[in-house]
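Input: a single structure, listed below in structure tokens.
Since every read-out is calculated from the coordinates, none of them should be taken as a lab result. Because the structure is predicted, anything quoted here is derived from the model rather than measured. Here Cβ is always computed from backbone atoms with ideal geometry, including for glycine, and neighbour counts include all displayed protein chains.
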Amino acid sequence: MNTMEEKLWNYIDGTCSDEEKKAIDILIAQDEVYRRKYEELLALNREFSKMELDEPPMAFTYNVMEAIRAEHAQQPLKAGIDKRIIKGISGFFIVSILLLVIYVLSTTRVAPVNLSGHLPDSLKLPDIKNYLNKPVLEGFVFFDLVLGLFLFDAYLRKRGVSKQG
Amino acid sequence: MQSKLSDIELIEQTLAGNQAAYADLIKRHQRFVFTLALRFSKNREDAEEIAQDCFIKAYRSLSNFQRQSKFSTWLYSIVYTTAMTFLRKKRVDTDSIDDENTYIQLENSSSIHDVNSAENKSRSYYLNQAIAQLLPDDAAIITLFYMGEQSLEEIGNTLGIEPNTVKVKLFRARQRLKEKLERNLKHEVKELI
């Protein structure tokens, strides 16, 4: 059950219901004890509202900003590199390779195609059928599987790190 | 001179890379953050450390700030958690945070410290002295309610408790503050006689 003081604080704070407010209005008007207590708490509330904030040291903002700047400066180089620089470098190389390919294609003379269906006698292709036996194919599939699992693991780790960040 | 921009505008500018905007945000809130930190730590050096740590933490997670609540409410909740962590680290025995005896010592030392300045003691001096003698939680609730202009719901969000619990705690905190004030004033009157 609320005490008189608790009810009066709720009344002063404006956190009581309309019914409670009306009841307290009547009590303040009619009951001398209630009225005195109300005036005492109201004066106290006014005092509390006049409290002053403390001042931090003069260089407080400067110190915080310096700490933030220092933290930025300590970031690992990997995190500090601007992605635009990476994109610029890769763009330069892609354009260079494309220009090189275009230049090579434009300057290469294409020899007439042998349409007879027979390869020239001078050209000897290796007999790959000898190499494509069962153990080689199994080894190749196993290597692919290990590589696939390794890349999947790396992807999941990267995803986990970015979620934590 | 402080910026006329709103907190949200300053946050957007900060997120866009303008660090000066964050400096403005600090200037705007530093007095309250420092006062609140002081309510917990009861010591200016520790309060400065807590307040500084709080602004750095806020800067780091500024992009996570949901604009559903006021920036101040979000900031004060950082002050609360930072201060609690600081106090736990400082006092190995966590129970001593809630031990009123700790603050009785402070009460006695503060009265000895300021005996000679009786003429300069204003009403706000007595009020600040009484607040300094309260438990950190009580002092924080009083500060948030009267100086932070926070509603019961906002204080609840800051301290991680229900608004009704805030109401009860606020009532008790005001009662304790009133008792401390009365006791300090009696002590001063005796001293003057």
Residues in region B:32-49: is at least one free of Cβ contacts under 8 Å to residues at least 60 places away in the same chain, within 21 Å of B:Glu153 (Cβ to Cβ) and either acidic (Asp, Glu) or out of contact with any Lys or Arg (no Cβ under 6 Å at 6 or more places or on another chain) (or both)?
yes
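For region A:1-43, which residues satisfy the criterion of being assigned to a loop (DSSP other than H, G, I, E, B) and either touching a Lys or Arg at 6+ places or on another chain (Cβ under 6 Å) or farther than 24 Å from B:Glu149 by Cβ (or both)?
Narrowing region A:1-43 to residues assigned to a loop (DSSP other than H, G, I, E, B): A:1-3, A:14-17, A:31.
A:Met1, A:Asn2, A:Thr3, A:Asp31 - these are the residues of region A:1-43 that are assigned to a loop (DSSP other than H, G, I, E, B) and either touching a Lys or Arg at 6+ places or on another chain (Cβ under 6 Å) or farther than 24 Å from B:Glu149 by Cβ (or both).
Could you go through region B:22-45 and let me know if any residue there is on the phi < 0 side of the Ramachandran plot and away from chain A (no Cβ under 14 Å).
First, pick out the residues of region B:22-45 that are on the phi < 0 side of the Ramachandran plot: B:22-41, B:43-45.
This time we only want the ones that are away from chain A (no Cβ under 14 Å), so: none.
The answer is no, given that none of the residues of region B:22-45 is on the phi < 0 side of the Ramachandran plot and away from chain A (no Cβ under 14 Å).
Within region B:3-57, how many residues turn out to be among the hydrophobic types (A, V, I, L, M, F, W, C), part of a loop (DSSP other than H, G, I, E, B) and closer than 29 Å to B:Asp137 by Cα?
Of the residues in region B:3-57, the ones among the hydrophobic types (A, V, I, L, M, F, W, C) are B:5, B:8, B:10-11, B:15-16, B:20-21, B:23, B:25-26, B:32-34, B:36-38, B:40, B:47, B:50-51, B:54-56.
Those still in the list that are part of a loop (DSSP other than H, G, I, E, B) too: B:5, B:16.
From the residues that got through so far, the ones that are closer than 29 Å to B:Asp137 by Cα too are none.
Residues in region B:3-57 being among the hydrophobic types (A, V, I, L, M, F, W, C), part of a loop (DSSP other than H, G, I, E, B) and closer than 29 Å to B:Asp137 by Cα: 0 in total.
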